[in-house]
Amino acid sequence: MLASVTDNPRTSLARVLEDLGSTLLELVHGDAGADSEINGVVIHDPLDEPRWPPGSLVLGIGVSAPEDITRLLEECGRRGSAGLVLRAPVPAAPDIAATARKAGVAVFGFTQGASWVQLAAMLRSLLAQDDVVEAGDPTLGGIPSGDLFSLANAIAALLDAPITIEDRNSRVLAFSGRQDEADPSRVETILGRQVTASRTRYLKERGVFSRLYRTDEPLFIEPHEDDPGDFTVPRVALAVRAGDEILGSIWAAVRGPLTDERAQTFRDVGRLVALHLLRQRAGEDVERRLRADLVGTALEGGPGALNAASQLGIGNHAVTVLALALPNDGPGTSATRADRVAERQRIADALTMYLTATHHGSAVALIGDIVYGIVPIIGPLSDTEHRAARLASDFLERTGSSTGAVIGIGRASASARGLPASREGAMRAVRVLRSPRATRRVASIAEVGIDALLIEVADLAAARGDTVTGPVALLLAYDAKHRMCLIDTLRAWLDAFGEVNAAAKAVCVHHNTFRYRLRRLTEVAGIDLGDSGTRFSLMLQLRLLADG
């Protein structure tokens, strides 16, 4: 499968090479002319039929053998692709150069150690650079609104130093060219799109961030002997503010302190960066709200559902729904509401990036406490749930286990009309995954339908005020009065299908003791464990007791 990251024909190959070259990309074959416009970024999957728009930049992940490269280049030529990105070093085979020349496709080498996901995200940012530009205000300070990469290059020219623009969490939002003039620490930051944890901790311990955020002046930072890593070139940092709010910071790798003139220039450009960050954030907020409204309308059903699905680009596709949820806040949790909201938005953004890069046309939105993903289905519906589970598991593996997130998968639908039912199924699966008995993080409603039904029966019993009666009530009362474990004995025996030795082992008692308790519980409750109807009734009551 080839999944589009974006479909926005504004960025050229020359612009990509200018912004990401030397650090991430190297032109190996072909010409990155200014007229080589990119109409989308796609990820190549050799196991599925190639599908991508003309003018695409193709990411050839895992393609390394010369014969595979030439075959992909030929396909790119037939499809009218603008370029092909391969992991460096690209094999120096004559056939590759000849095929690239014949196909008219530029070939780039992608730096080893850098993340394909990060590259896809940066390219998506470049292609969407003026998504938030308003008709009456296309530029800020002569730079297209929100185009942080052009802004970083302009600042680098003014200060004669390579630049990074970072957010409050030291994530790299954009960087200039000439990063090879800095030190290995800067290169590591660019490759990871994030200042390393060890460096962030070191800067905090030295009080750099506290000093940076207390002043409006550029802060000069020299390397120290005890500095971890390869920080050898001094930095000048400036906090980016909007009133009292810290939006981020600008970091320049310099050879010495700035002159008074350049320090004033740095302060001036800091205000311009603040305007761009505010405009970008405003555009992102508006886009999120609009998308959340469309996704919510499509999932709810009703008169406007099909129109919303059409605006999302999924009106004519078979679809399924993913529902991602974080663990419920338990008593005594230290997380504030703001922390939880920020965490949900962070993981929603991560899921958006992941699905955008792997499944063309997916729509993701945070609605309430749940992140919903509507995923168009390519291929037969029969194995949709298996493929969706693999997709969800891969995402959770990438984001790590610290979030505790779970993903429920609804039933596949042949059209957008089935989105409400698919959403309901996904949420029922989420309830099972968030229950105390859950041992997994991903499940489809087809897999856990019975568990979901039992939870709903427990809800119904609780809503009606039903209480435990009959043999189970007698055993609970006996246990409470005599400090016995007859209920646990019954549950273990039923779970072991009547195998006494296995059941005794499960509750850590001798099999003779277990047999005594088993005889005693039949006497107290007046039950016949040889009757299948009785056993089913007891198993159901005990399960509802556990879920209630």
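For residue 240, enumerate residues with amide H under 5 Å from its amide H, sequence gap 5+ or separate chain, H modeled in the peptide plane.
Residues meeting the criterion, in which the H sits 1.01 Å from N, are 247, 248, 249, 250.
Which of the trypsin sites (Lys or Arg not before Pro) found in the range 194-251 are in a DSSP loop and have at most 15 neighbouring Cβ atoms, other than their own, within 10 Å?
Details: sites: 199, 201, 204, 206, 211, 214, 235, 241; in loops: 206.
Sparse-neighbourhood loop trypsin sites (Lys or Arg not before Pro): 206.
As a footprinting exposure proxy, order 107, 28 by other Cβ within 10 Å, with the fewest listed first. Let's see the in-between values first.
Working: 107 24, 28 20.
In order of increasing Cβ crowding within 10 Å: 28, 107.
Around residue 40, which amide H atoms from residues at least 5 apart in sequence, or from another chain, sit under 5 Å from its own amide H, with H modelled in the peptide plane?
So residue 40 has HN proximity to 8, 57.
Tabulate in residue order the Karplus-calculated ³J(HN,Hα) for the range 182-197, using 6.51 cos²θ - 1.76 cosθ + 1.60 with θ = phi - 60°, rounded to whole Hz; enter x for Gly and Pro.
8, 10, x, 4, 5, 4, 4, 5, 5, 4, x, 6, 7, 4, 4, 4
Report, in debye and to the nearest 20, how large the dipole of the chain comes out about its Cα centre when Lys and Arg carry +1 and Asp and Glu carry -1 on their Cβ. Walk me through the intermediate numbers first.
Numbers: 59 positive and 68 negative charges, 389 e Å.
Charge dipole, the chain, about its Cα centre: 1860 debye, nearest 20.
Can you give the helix-only mean residue ellipticity at 222 nm for the chain, where every DSSP H stretch with n ≥ 4 adds -39500 (n - 2.57) and the sum goes over all residues, rounded to the nearest 500 deg cm²/dmol? Let's see the in-between values first.
Details: 19 runs with 260 residues, N = 548.
Roughly -15000 deg cm²/dmol at 222 nm, from the helical runs in the chain.
According to the square roots a ≥ b ≥ c of the eigenvalues of the Cα gyration tensor, what is the shape class of the range 139-282, taking rounded for a/c under 1.5, prolate for a/b larger than b/c otherwise, and oblate for the remainder?
Working: a/c = 1.44, a/b = 1.38, b/c = 1.04.
It comes out rounded by the Cα gyration axes.
Treating the beta-carbon of each Lys and Arg as +1 and of each Asp and Glu as -1, no other charges, what is the dipole magnitude of the range 470-547 about its Cα centre, to the nearest 20 debye? Provide the component values of the computation, followed by the final result.
Details: 10 positive and 8 negative charges, 53 e Å.
Computed about the Cα centre, the dipole is about 260 debye.
No lab work stands behind these numbers, since they all come straight from the coordinates. Because the structure is predicted, anything quoted here is derived from the model rather than measured. Virtual Cβ from ideal backbone geometry, glycine too; neighbours counted across all protein chains shown.
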